[in-house]
Every structure is written in C-alpha cells, then in structure tokens.
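Enquirer: Quick one: the structure is below, questions incoming.
Laboratory data are not the source of any read-out in this text; all were calculated from the coordinates shown. Note that this is a predicted model, so its numbers are computed, not measured. All Cβ positions, glycine included, derive from the backbone under ideal geometry; neighbour counts span all protein chains shown.
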Amino acid sequence: MPEIVVLPHAELCPEGKTFEAAKGESICDNLLDHGIEIEHACEKSCACTTCHVIVREGLNSLEPSSEDEDDLLDRAWGLAPQSRLSCQAKVGTTPKKPNEVDRHPRHRDCAGRAAS
Ligand code: FES
C-alpha cells in the first residue's frame, strides 16, 4: 500500500504523521481524510494554488499533471521542479517507485512522503 509521511509543520501537523494513502485519491483528500487541514480555497477545482505541495521523492508514482495544473502551478509561490497541486495529484494505482511530498514552502515545515 502507498504510504504518506507528513513531516512536522508547526500549524498543520506539529508532530508529523504517517498513514496509508488511498490509491486513486488526491494527496489533498488523503491529507484531509487524516485530519491534516491543508488549504484548498477553490474546493479542489484547479483554480487556485493554496493546496501547493512539493513532492520530494517518488514524483513518478503519482498520476501525471494536466496542462491546466501545470499552467496554474506557474503562478504558485515557491514553485519547485517537484511542485504539484495536491488536489490534482492523485496517488497512482500502479506506482513505480516510492514518492515523497513537501508542503508549500510558504508554510515552512510541513512535508510528507508517500511511498508504495
Ligand atoms: S484547492 Fe485550489 S487548486 Fe487545489
């Protein structure tokens, strides 16, 4: 089973958290389902960047980004090569290798990892 490891973040997850990720669901939904209140101002409609995360490891195990997501990410604060909008980044159903996710750097320390 894929696993998400959320690294400590002062506001969102001070102790960090590790949990099994639901395949085919977004990182955002996985985080919300496990009590991590990541921002999602547009209600997950790919119209904002508040759910921005940085995938530190295993980016390839997520479903690929869409053109709309990539266009929106270009406007995200703190964009990194591994950036994804967590509401659009779905945990792959056939991951090739482990992945790791970092929360938007504006929010400093919250990071996570999803591993299969
Ligand atoms: S919640 Fe707005 S793009 Fe993800």
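Enquirer: Pop a pseudo-label 7 angstrom from the Cα along the beta-carbon direction at both Glu69 and Ala22 and give the gap in nm to one decimal.
Expert: Rounded to a tenth, the inter-label distance reads 1.7 nm.
Enquirer: Between Ala21 and residues 5 or more places away or on another chain, which pairs have amide H atoms under 5 Å apart, with H built 1.01 Å from N, and which residues are they?
Expert: For Ala21, the qualifying residues are Glu3, Ile4.
Enquirer: In nm, give the distance between the simple-model label positions of Glu15 and Asp33, each being 7 Å from the Cα along the Cα-to-Cβ direction.
Expert: 2.2 nm
Enquirer: Further, regarding this structure: Let's see if you can work this out: charge +1 on each Lys and Arg Cβ, -1 on each Asp and Glu Cβ, no other charges. What is the dipole magnitude of region 3-107 about its Cα centre, in debye to the nearest 20?
Expert: Charge dipole of region 3-107: 260 debye, to the nearest 20.
Enquirer: Continuing with the same structure: Counting Lys and Arg as +1 and Asp and Glu as -1, what is the net charge of the other residues whose Cβ lies under 10 Å from the Cβ of Met1?
Expert: Once positives and negatives cancel, what remains is -1.
Enquirer: Further, regarding this structure: May I ask you to work out the translational diffusion coefficient for region 3-107 at 4 °C, viscosity 1.567 mPa s, via Stokes-Einstein with Rh from the Kirkwood sum over Cα pairs, reported in whole µm²/s?
Expert: Estimated diffusion coefficient is 96 µm²/s.
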